[in-house]
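The values are calculated or read from the model by the stated rules, or taken from the named source; none is laboratory data. Bear in mind that the values here come from a model prediction, so they are computed numbers and not experimental data. Counting neighbours? That spans all protein chains shown, and the Cβs are built from the backbone with ideal geometry, glycine included.
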Amino acid sequence: MTSTATRPGAPGGPRPPAGPGPQPPAAGNEPQGGRERTGIAGLLDLPATAVRGIIRSSATTPGRLSVIAVGLVLLILVTGVVATVSVQGKKNTINDLIDQREPLAAAAQQVYRSLSDADATSASAFLSTGTEPPALRQRYEQDVAEAGAALAKSASDSAGVANAAAQVNILSQQVPVYTGLVETARANNRQGFPAGASYLREASELMRVKILPAAQDLYRIDTDRLSAEQDEANGFPWWTLLLVLLSLAALVVTQVYLTRKTNRVLNVGLVVATGAVVLGLLWSSVGLIVQSVLVDSGQSSGSHQVDVLVRTRIAALQARADETLTLVARGDGATYEQDFQGLAAQLVGKDGKSGLLGEAQGLAAGGGPSQQVDAAIRDADAWLTAHTQVRLLDDGGEYQAAVDNAVDATKPDGAAGAFGRLDGNLVSAITVGRQGFLDETRGADRALTALAPGLAVLAVVAAAGATIGIRERLREYR
């Protein structure tokens, strides 16, 4: 008998016959859809993956509500941040106007005014017979000291403005030269040397050709910067308004959508969110309108009015210097008299009722420094009348009588007394105008009190209301 040996099979049953079967895929032949992208390629693919996930999620009502909730919250929070930053920026600008920009503009004005007054005062003191009047000497020294202090203040803010720094440099170099020439003129005059008049005329020429133009440019630069910040504070936040309106529209559309889906008229959370946005819109609108009106008022009846008054006073001071230098020149002062007539036309116009004083009167009509300006107009008329008398006396050969009429402040109808009253009223008007600017601008700052943090809080309330409102609807699908 023949037997056949068989090989033991695998436990549990016979071994299946050998044959071809499925083989593992060869390297490099994996299915494309099953491979995960890693590294930079994976990072670049994340936005597309997120978009596909959002699209798949929005195919269902719960997913669509979740997408709406996230979009609403982000829009409301972005609107709140932009509104808060915008309002706080306006408040910072207004504070800068009060604390820095206006004082610096006033310092530049002081440089210009003090140097002009120093030139006029030195000429008046030179004409005085006998010992130089202590009051005039004290006024001259005070003018020089005030100009130096104001110039130092202006220089502290000129580093980033090349043109302003250039004017400060000119003034810093030339003012000591001017004061040196004046002292030389005084020394020669005390000893009776005729060269004193030449030195004084040289000093005045330096003042007019180099120093005052530099002071005027510095003053104009600082005034323009003040005006630019006022315009910035008055700017309307259009982008913020657009975001607020977009947020309101999104909230309304969402409530209409939920009403149609759920047959519920009101969603408390979304109503709260809408109320918060509307309250923020109304609060900011009122605050910004009041702020804008007050800043504009501070500009028109404050800083602009002060600018006109400062230019008026400077023209008067320069004309006063011309009046006295004409006498110092002793028959050779036709150029100074011609300058005087031009400056007089700037002050009161060719008709005697317009010019810078007429403009200042129009700006001050009904309030502000109206009384001071009206008095200054009367004083200017009296001064010009007295000047005519001075010229008649000088041209008629009565030199000493002309000098007395020009520099003796005790004469009620003299040029010195009339000019002194004019200058005093202009100084008072400038002070009133500056105070008006500060009052209006401080009022604008108060109009924005708590608005920036209030808008931030309302934005958080609106975002929370939108989240809660939509979350309640999402719970109905669980």
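Taking helices (runs of 4 or more DSSP H) as the structural unit, those lying wholly within region 267-383 and holding at least 3 residues that are touching a residue at least 60 places away in the same chain (Cβ under 8 Å), out of contact with any Phe, Trp or Tyr (no Cβ under 8 Å at 6 or more places or on another chain) and not aliphatic (A, V, I, L, M) correspond to 268-298, 304-328. Considering only region 87-107, I want to know if a residue exists there that is part of a loop (DSSP other than H, G, I, E, B), more than 24 Å from Q318 (Cβ to Cβ) and among the polar types (S, T, N, Q). No: zero hits.
Being buried (at least 23 other Cβ atoms within 10 Å of the Cβ), at pLDDT 90 or above and more than 30 Å from Q299 (Cβ to Cβ) narrows it down to one residue among A185, A145; which is it? Walk me through it before giving the result.
Values: A145 fails: buried (at least 23 other Cβ atoms within 10 Å of the Cβ).
It is A185.
Against the numbered list (1) at pLDDT 90 or above; (2) outside any helix (DSSP H, G or I), S158 comes up short only at (1). Inspection of region 152-171 finds a residue satisfying the criterion of being touching a Lys or Arg at 6+ places or on another chain (Cβ under 8 Å) and crowded, with 16+ Cβ neighbours inside 10 Å.
Go over the candidates A276, A319 one by one and state the one that is closer than 30 Å to A402 by Cβ, hydrophobic (A, V, I, L, M, F, W, C) and modelled with pLDDT of 90 or more.
On the way: A276 fails: closer than 30 Å to A402 by Cβ.
Being closer than 30 Å to A402 by Cβ, hydrophobic (A, V, I, L, M, F, W, C) and modelled with pLDDT of 90 or more holds for just one of A276, A319, which is A319.
Out of curiosity, is R208 within 24 Å of A123 (Cα to Cα) and of a type in the set (K, R)? Judged against the criteria, R208 is a match. Scanning region 399-431 for residues being within 21 Å of the chain's Cα centre (by Cα) and of a type outside the set (S, T, Y) gives a total of 1. State whether one or more residues within region 339-348 are more than 31 Å from the chain's Cα centre (by Cα) and farther than 30 Å from G196 by Cα. Yes - at least one qualifying residue is present in region 339-348. Being surrounded by 24 or more Cβ atoms within 10 Å (Cβ to Cβ), over 30 Å from P194 (Cβ atoms) and in contact (Cβ under 8 Å) with a residue 40 or more places away in the chain is a property that does not hold for A120. Within region 254-287, the set of residues being among the small types (G, A, S) and under 24 Å from D445 (Cα atoms) comprises A276, G280, S284, S285, G287.
Name the residue that is farthest from L248 (Cα to Cα), counting only residues in region 423-446 that are of a type in the set (A, V, I, L, M, F, W, C) and crowded, with 20+ Cβ neighbours inside 10 Å.
Across region 423-446, the extreme among qualifying residues is L426.
Only a single item in (1) at pLDDT below 90; (2) touching a helix residue (DSSP H, G or I) at 6+ places or on another chain (Cβ under 8 Å) is not met by L347, and it is number (1).
In this entry, G397 passes the filter for residues that are at positive phi and out of contact with any Lys or Arg (no Cβ under 9 Å at 6 or more places or on another chain).
Restricting attention to region 434-472, and to residues there that are among the basic types (K, R) and under 33 Å from the mean Cα position of the chain (by Cα), which single residue is modelled with the lowest pLDDT?
The initial filter retains those residues of region 434-472 that are among the basic types (K, R), namely 434, 442, 446, 471.
Remaining after also requiring under 33 Å from the mean Cα position of the chain (by Cα): 434, 442, 446.
Details: R434: 91, R442: 94, R446: 94.
Here the residue is R434.
Taken together, the residues in region 138-172 that are in contact with a helix residue (DSSP H, G or I) (Cβ under 9 Å, 6 or more places away or on another chain) and more than 21 Å from Q318 (Cβ to Cβ) amount to 16.
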